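J.: Mind looking over this structure? Questions follow.
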Amino acid sequence: MGFLSSEKTQVGEKKQKINAYNILILFLLAPGSITYGYSAAIIATTLGQPSFSEYFGLLTRTDATSIFGATGGVFFVGGVIGPLFLPWITDRFGRKWGVAISLILNAISAAFMAGSTNIGEFIFFRFLAGASSFMLLGAIPLLMNEVVPSTMRGGLVELHAIFFILGFAIASWAGFGFSFWTSGGMNAWRPPLAIQAGWALLGLPALLWIPESPRFLCMKGRDEEAQAILFKLHSDADDPEHTFAKAEFYQIQKQLHIDRTLGSGWLHLFRKPSYRKRVFLACGLTGLIQSSGDLVINNYGPTLYKNLGYGLVKQLLYPSAWLTFTLGMSVIAMPLIDRIPRNKMVAIGLWGCMSTLIVEAALVANFVPSTNENALRAAVAMLFVFQVFDTAFLNGPEWAYLGEMFPTHIRAKGYCLAMSMLALVNIVYTQAAPVAFATAGWKYYLLFILLPFFGGIIIWVWYPDTRNLPLEELAALFGDQDEVAIYQAEIELDHNTHTIVDNHHGKDGTTFIENRQSV
């Protein structure tokens, strides 16, 4: 099958470009990404606040360790359930509505957590925060994947990761700052949780200036709206004929013509072998990336630094600095993501995380507790080195990679299944973390050493590289060569001829063209 990659395809002598409108959309989605990051990270400093433990009487309760684990784990329980409802919204009402509903639920959860008067109430709304946060985690990159240029998709969708890491950092610094608010008494833990609602409410009016996904609009037969949006997305002074916009519009139309003949229900994701393969690859990707151990380090940072012998101030300071460093690494990673094969980049990231945790485990096993300050500093440093691999090589390509694994008519369902898998894996890790660190100590790191080792091999060998191809052409990489509408550019000296081809293959491998439409 000889389709042309958009990385290599040139129409005339022009290449796809990004314009100010693309950038505006991505930045208007930023509050939503920050909301997820802030919601996920604020629990770390909240649990580290003495006022939180005092208010809920956790200092004297015999089940305090289990409650700490529950406050972290219930967030991910919500994260398993929430995304499963998201496709009903995004496939029926639009990608934007998926973001909007998620933001509203998150704001409600933040308000009630900040006002909680008993631990049961707090845990329930922490569950709602998890459901809405993981809905955001899926809804935002789902929209991003469908509006950015294909040749820069990985780097641009990485902005989602940059902004939610910014949310992590803001939450950590907010918690650190409020730890010095002594006049707040036993209520000092409340304001950082209330700030979460502010980010969600900021994201809602921003949606007014964000267009709907042209792929969703075409899926609903709203072709004129879709074409108008594509013209704006591909607006370029050097392309007054809207060449790329027209090519993408007709390719989307023809691909959806094929997709409408295929099943799109939840069960179809598991009945059709090629779709089942995509589900396993997507869920495997998120499961293995979370097995790097990053969220355990993030959510229980103060506990880790306490175990290393540091006082309360440094227990809150170091996680904040760690997340700020992470943010910088995310920005540095942007230009790399579309240059390195997706599968190899993720595999290298897993092995890099594994290597740093080997050193970390050795330092903790031999020097904690001890008075060897150099060893303790080295243990802290390794957690920062860990982020070089975790942020640049894992969080970088993950969000575009997941969107590239599914065709438009099942993309929301596939993406959200992967989000549920991400949350499910983290239930195990975060729920076990307090008890594991208290009883097994450094041996808990062994789990995050063994899984990335084998996971890196699996991804390197069996996962495809999906860089730089239009979303409509990626089905061929997953065994669906006969379900691809291919855009071909026939370039001549005096004029361009652009065609959309419904390319189907007979059982003997013979290719025949069912329909050809000029652009």
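The values are calculated or read from the model by the stated rules, or taken from the named source; none is laboratory data. Since we're looking at a predicted model, the values are computed, not measured. Methodologically, a virtual Cβ is constructed for each residue, glycine included, from the backbone with ideal geometry; neighbour enumeration extends over all protein chains shown. Please note that ligands, DNA and RNA were not included when accessible areas were found on the heavy atoms of the full protein model with its side chains. Shrake-Rupley method; radii C 1.70, N 1.55, O 1.52, S 1.80 Å.
J.: Rounding to the nearest 20 debye, state how big the charge dipole of the chain is about its Cα centre with +1 on each Lys and Arg Cβ and -1 on each Asp and Glu Cβ. Walk me through the numbers before you get to the answer.
T.: Details: 35 positive and 37 negative charges, 261 e Å.
Taking the Cα centre of the chain as origin, the dipole is about 1260 debye.
J.: Once you have the Cα-Cα distance between Lys306 and Thr439, take 0.36 nm times their residue separation minus that, and quote the gain in nm to one decimal.
T.: 46.4 nm
J.: Under the rule of at least 5 residues apart or a separate chain, name every residue whose amide H is placed under 5 Å from the amide H of Val484.
T.: Long-range HN contacts for Val484: Asn503.
J.: State the percentage of accessible surface on the stretch 377-429 attributable to carbon and sulfur atoms; use a 1.4 Å probe and exclude ligands, DNA and RNA. Provide the component values of the computation, followed by the final result.
T.: Details: 830 of 990 Å².
Roughly 84 percent, rounded to a whole number.
J.: Whole Å is fine, so just give me how far the alpha carbon centre of the stretch 166-198 lies from that of the stretch 412-459.
T.: Here the answer is 28 Å between Cα centres.
J.: What FRET efficiency do you get for Ala194 and Asp223 if R0 is 35 Å and r is their Cβ-Cβ distance, rounded to the nearest 0.05?
T.: Efficiency at R0 = 35 Å is approximately 0.20.
J.: At what distance in nm do the modelled label points of Leu336 and Thr62 sit from each other, each positioned 7 Å from its Cα along Cα→Cβ?
T.: So the label points at Leu336 and Thr62 sit 5.0 nm apart.
J.: Additional query: Rounded to whole Å, give me the distance from the Cα center of the stretch 76-123 to that of the stretch 199-275.
T.: Comparing the Cα centres of the stretch 76-123 and the stretch 199-275, I get a distance of 25 Å.
J.: Moving on to the next point. With a point put 7 Å past each Cα toward its Cβ, work out how far Arg92 is from Ala381 in nm, to one decimal.
T.: Calculated label separation equals 5.6 nm.
J.: Where does the chain land at 222 nm, in deg cm²/dmol rounded to the nearest 500, when only DSSP H runs of n ≥ 4 count, each adding -39500 (n - 2.57), divided by all residues?
T.: Calculated mean residue ellipticity at 222 nm is -22000 deg cm²/dmol.
J.: Measuring with a 1.4 Å probe in the full set of protein chains, what accessible area per residue, in whole Å², belongs to the stretch 157-241?
T.: 42
J.: To continue, here is another question. With every protein chain in place, what's the accessible area of Trp88 (1.4 Å probe, Å², nearest 10)?
T.: 140
J.: Now for a different question. Please list the three semi-axes, largest first and in whole Å, of the ellipsoid equivalent to the stretch 383-457, using sqrt of 5 times the eigenvalues of its alpha carbon gyration tensor.
T.: Three semi-axes, in Å: 28, 16, 10.
J.: Distance between the C-alpha centers of the stretch 305-364 and the stretch 35-71? Whole Å please.
T.: Taking the Cα centre of each part, the stretch 305-364 and the stretch 35-71 sit 23 Å apart.
J.: Could you sort 418-426, 58-66 so that the peptide with the highest average Cβ count within 10 Å comes first and the rest follow in order? Mind dumping the intermediate values first?
T.: Numbers: 418-426: 24.2, 58-66: 11.9.
Ranked from most to least packed, the peptides come out as 418-426, 58-66.
J.: Roughly speaking, what is the stretch gain from His257 to Asp465, that is 0.36 nm per residue apart minus the C-alpha to C-alpha distance, in nm to one decimal?
T.: Working it through step by step, the gained length comes to 72.3 nm.
J.: Could you report the stretch 325-412's accessible area per residue, 1.4 Å probe, as an integer in Å²?
T.: Each residue of the stretch 325-412 exposes 33 Å² on average to a 1.4 Å probe.
J.: Residue by residue through the stretch 107-115, which ³J(HN,Hα) values in whole Hz follow from phi under the Karplus form 6.51 cos²θ - 1.76 cosθ + 1.60 (θ = phi - 60°), with glycine and proline marked x?
T.: 3J(HN,Hα) across the stretch 107-115, in whole Hz: 5, 4, 4, 5, 4, 6, 5, 5, x.
J.: If Lys and Arg each add +1 and Asp and Glu each add -1, what is the summed charge of the other residues whose beta carbon sits under 13 Å from the beta carbon of Leu26? Write out the running numbers ahead of the final one.
T.: Details: positive: Arg153; negative: Glu146, Glu158.
Computed value for this residue: -1.
J.: Between Thr371 and Leu450, what is the spin-label point distance in nm, taking each point 7 Å from the Cα along the Cα→C-beta axis?
T.: Distance between the two pseudo-spin positions: 3.7 nm.
J.: Given charges of +1 on the Cβ of Lys and Arg and -1 on the Cβ of Asp and Glu, with all other atoms neutral, how large is the dipole of the stretch 136-276 about its Cα centre, in debye to the nearest 20? Present the calculation step by step, with values, prior to reporting the outcome.
T.: Working: 12 positive and 12 negative charges, 156 e Å.
Here the size comes out at about 740 debye.
J.: Let me ask you something else. In whole percent, and with a 1.4 Å probe on the protein chains, what portion of the accessible area of the stretch 32-166 is carbon and sulfur?
T.: 72
J.: Of the listed peptides 261-274, 441-454, what is their order by residue-averaged count of other C-beta atoms within 10 Å, with the highest listed first?
T.: Numbers: 261-274: 13.0, 441-454: 17.7.
Sorting 261-274, 441-454 by mean packing, highest first, produces 441-454, 261-274.
J.: Roughly speaking, to the nearest percent, how much of the stretch 171-236's 1.4 Å accessible area is carbon and sulfur?
T.: Numbers: 1940 of 2970 Å².
The computed percentage sits at 65.
J.: Would you kindly state how much longer the chain becomes between Met186 and Phe231 on full extension, computed as 0.36 nm times their sequence separation minus their alpha carbon distance, in nm to one decimal?
T.: Result for the pair: 10.7 nm of gain on full extension.
J.: Let me know the Kirkwood hydrodynamic radius for the chain, please, with Cα pairs as the basis and the value in Å to one decimal.
T.: Every distinct Cα pair counted, the radius reaches 23.8 Å.
J.: Taking only protein heavy atoms and a 1.4 Å probe, what accessible area per residue, in Å², does the stretch 74-132 have with all protein chains in place?
T.: Numbers: 2100 Å² over 59 residues.
For the stretch 74-132, the per-residue accessible area is 36 Å².
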